[in-house]
There are 2 protein chains.
Amino acid sequence: MDTRTFLGVQQSHNPFRWSMEVTPGISTTGGFLFGGSGLGAAITALEGTSGRQTIWATAQYLSYAKPGEILDIDVTLAVEGHQMTQARAVCHVGNREILTVNAALGHRPFEVTGQFEQMPDVPPPSECTARAFRGPVDGTINDRLEQRLAKGRDFDHLDGTPGDGQTLMWARIPDVIEGVDAAALAVLGDFVPMGVGQALGVRGGGNSLDNTLRLVHLVPTEWVLLDIRVHAVERGFGHGLVHMFAEDGTLLATASQSCIVRFWKG
Amino acid sequence: MDTRTFLGVQQSHNPFRWSMEVTPGISTTGGFLFGGSGLGAAITALEGTSGRQTIWATAQYLSYAKPGEILDIDVTLAVEGHQMTQARAVCHVGNREILTVNAALGHRPFEVTGQFEQMPDVPPPSECTARAFRGPVDGTINDRLEQRLAKGRDFDHLDGTPGDGQTLMWARIPDVIEGVDAAALAVLGDFVPMGVGQALGVRGGGNSLDNTLRLVHLVPTEWVLLDIRVHAVERGFGHGLVHMFAEDGTLLATASQSCIVRFWKG
């Protein structure tokens with residue numbers, strides 16, 4: 001299936017209005033819509049309405065949506081040019097705003113290219129161990145993403161000793177076999193909170209305040225290497241980025257986030 | 001003076017409405033409002049209305065404003081909690097929207113902190129040479145920012161040979177002696193386009209599509225080290241970040257941007 005089907009995004013009679021049922025499969029173990037699923041759904045709608053590919057998109061998270069609720073995604077094309085569209089998607093349940101996404105989409109014929117961030121040298125997914133979770137993840141988003149740690153600590157080693165801020169993890173969405181697109185990378189990019197726990201060396205994570213995706217170059221790949229870099233934690237907030245590499249080393253996209261840091265209970 | 005005075009941001013009788021005259025001193029040599037000045041003005045208004053400090057703010061640039069025009073900055077506080085405010089600032093000239101800023105502001109008492117990005121080892125500003133410009137910058141924003149290159153190429157060495165993506169530059173705003181705040185860092189963070197020319201090794205730069213600021217920890221400093229990292233240039237767009245360090249090595253903030261890549265004429 002494609003990412004639109006994976007997320008369950010539906011078109012309506014109005015090309016500017018889309019919707020998505022919040023199901024457990026796109027939600028966290030905490031029982032609310034996974035931030036990356038929200039940004040991914042908005043990107044699917046923005047690309048569908050504009051007919052253009054994402055360059056950059058930022059989600060501001062305002063409220064939680066829960067399984068059983070229907071998310072309306074209303075697209076506005078603010079500026080439409082020859083090569084680019086500047087757009088917004090306001091995502092709400094009833095009149096409660098859940099997230100707002102601002103984005104630029106488009107393509108320019110331009111001969112000069114360059115990739116300056118290089119993929120770290122890591123073992124292939126087949127030689128990495130599956131990420132362990134602190135409880136059952138059955139039926140949640142974590143059950144639908146395969147995750148294998150290339151650099152990171154298990155629970156027993158999260159003893160309060162800080163790390164160097166970098167976590168490396170292979171990830172893939174087994175249901176999405178038709179190619180990794182911007183919406184899929186939005187789902188895979190929402191891992192700064194996980195990296196914050198690893199960086200601080202604590203059993204914790206965070207809740208996203210935003211999720212920003214900068215799309216570079218899509219190439220076919222099954223697994224995506226998440227190079228998670230936490231910049232700092234201060235005033236109760238964590239900040240960082242996720243470089244996302246294809247198996248061949250191509251930088252697909254870079255995500256970045258700020259989050260509210262939380263310790264896990266128990 | 002403080003950053004509010006530097007930019008010329010004015011309060012009105014309505015605490016949710018601010019304005020700023022677009023002057024040459026906050027504009028580019030191209031004759032339009034510098035993106036960092038726009039984000040800085042919105043941050044000043046958002047912090048003034050909410051009474052809280054920026055955690056994260058993103059500007060989407062939709063249109064250009066020119067010297068002589070008056071920018072209205074309308075603030076909406078979407079969600080106000082005990083520790084945080086989620087807010088927006090819509091900045092327009094007449095009914096033409098120039099930029100929209102989404103932001104989270106606040107503070108949480110939280111004992112665990114960490115800085116994982118470290119300041120590169122560079123000579124002090126006194127031992128670095130002033131950045132050369134391709135034409136007169138008198139009276140523009142570049143005339144009001146002091147810039148000294150610690151790692152970067154002058155025009156003669158921009159011969160099409162790609163670099164490693166990193167540019168290091170000391171910057172300060174001599175007029176702002178009362179301390180670097182979030183608005184000042186918004187101005188200083190708008191340097192990914194400059195880094196794109198350096199990374200590609202071409203006489204060029206870009207126009208910002210967005211400007212995202214993640215505020216970490218404010219400490220007194222005169223100079224700020226801009227550690228500009230261009231991730232990639234593809235499809236005519238450049239993507240990268242700027243880690244901003246105080247002279248004592250503290251990570252003040254991280255900015256990131258996507259931009260439309262342009263070659264300079266002549």
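Structure above, values below:
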| item | result |
| --- | --- |
| Carbon + sulfur, % of accessible area of the protein assembly as shown - ligands and nucleic acids excluded, 1.4 Å | 49 |
| Table column - 3J(HN,Hα) (Hz), region A:133-147, Karplus curve with 6.51, -1.76, 1.60, x for Gly and Pro | 10, 7, x, x, 10, 3, x, 8, 4, 5, 6, 9, 10, 8, 10 |
| Cβ charges +1 (Lys, Arg) and -1 (Asp, Glu), total dipole of the protein assembly as shown, debye | 640 |
| Computed lengthening from B:D159 to B:H217, 0.36 nm per intervening residue step minus Cα-Cα distance | 17.1 nm |
| Amide proton proximity set for B:W56, modelled H, under 5 Å, gap of 5+ | B:A104, B:L215 |
| Label distances, nm, A:H82 versus same residue in remaining copies, Cβ-directed 7 Å point | 5.6 |
| Accessible area (Å², 1.4 Å probe, nearest 10) - A:T23 | 50 |
| Over region B:135-263, relative contact order from alpha-carbon pairs under 8 Å, at least 6 apart, % | 26 |
| Accessible area per residue in Å² at 1.4 Å probe, computed on the protein assembly as shown | 38 |
| ³J(HN,Hα) computed for each position of region A:4-12 - Karplus, 6.51 cos²θ - 1.76 cosθ + 1.60, integer Hz, glycine/proline x | 4, 5, 4, 7, x, 7, 10, 7, 10 |
| In the A-B interface, the accessible area buried, summed over both sides, Å² (probe 1.4 Å) | 5500 |
| Signed unit charges on C-beta, dipole axis of chain B, positive-most listed residue B:S63, B:L7, B:H231 | B:S63 |
| Given charges at beta-carbon only (K, R positive; D, E negative), |dipole| of chain A in Debye | 680 |
| Dipole-positive endmost among A:A132, A:G197, A:V216 within region A:130-223 (Cβ charges, Cα centre) | A:G197 |
| Nonlocal amide H pairs with A:S27, under 5 Å, H built at 1.01 Å | A:F34, A:I141 |
| Percentage relative contact order, chain A, counting C-alpha pairs under 8 Å, at least six apart | 18 |
| A:D248/A:R108 FRET efficiency (R0 22 Å; Cβ-Cβ; nearest 0.05) | 0.35 |
| Note, ³J(HN,Hα) from phi for region B:236-246, Karplus 6.51, -1.76, 1.60, rounded to Hz, x at Gly and Pro | x, 10, x, 9, x, 9, 9, 7, 10, 10, 6 |
| Taking N as its residue count, the alpha carbon Rg of region B:3-106 over 2.2 N^0.38 Å | 1.00 |
| Tensor-based shape of the protein assembly as shown (alpha-carbon gyration tensor, a/c under 1.5 rounded, otherwise prolate or oblate) | rounded |
| A:L71 long-range amide H proximity, modeled H, under 5 Å | A:M20, A:E21, A:V22 |
| Cβ-vector label at 7 Å, A:D159, separations to other copies in nm | 5.5 |
| Copies compared at B:P123 - label distances in nm, ascending, label defined 7 Å from Cα in the Cβ direction | 4.6 |
| Accessible-area order (highest first, 1.4 angstrom probe) of the listed residues B:R148, B:R17 | B:R17, B:R148 |
| Accessible-area value, B:F263, 1.4 Å probe, nucleic acids and ligands omitted, Å² | 90 |
| The protein assembly as shown: calculated mean residue ellipticity at 222 nm from DSSP helix runs of at least 4, using -39500 (n - 2.57) | -4000 deg cm²/dmol |
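The values are calculated or read from the model by the stated rules, or taken from the named source; none is laboratory data. Keep in mind it's a predicted model, so treat the numbers as computed, not measured. Neighbour counts are summed over all protein chains in view; Cβ atoms, including those assigned to glycine, are modelled from backbone coordinates with ideal geometry. In case anyone asks, the SASA skips ligands and DNA or RNA and just uses the protein heavy atoms, side chains included. Shrake-Rupley method; radii C 1.70, N 1.55, O 1.52, S 1.80 Å.
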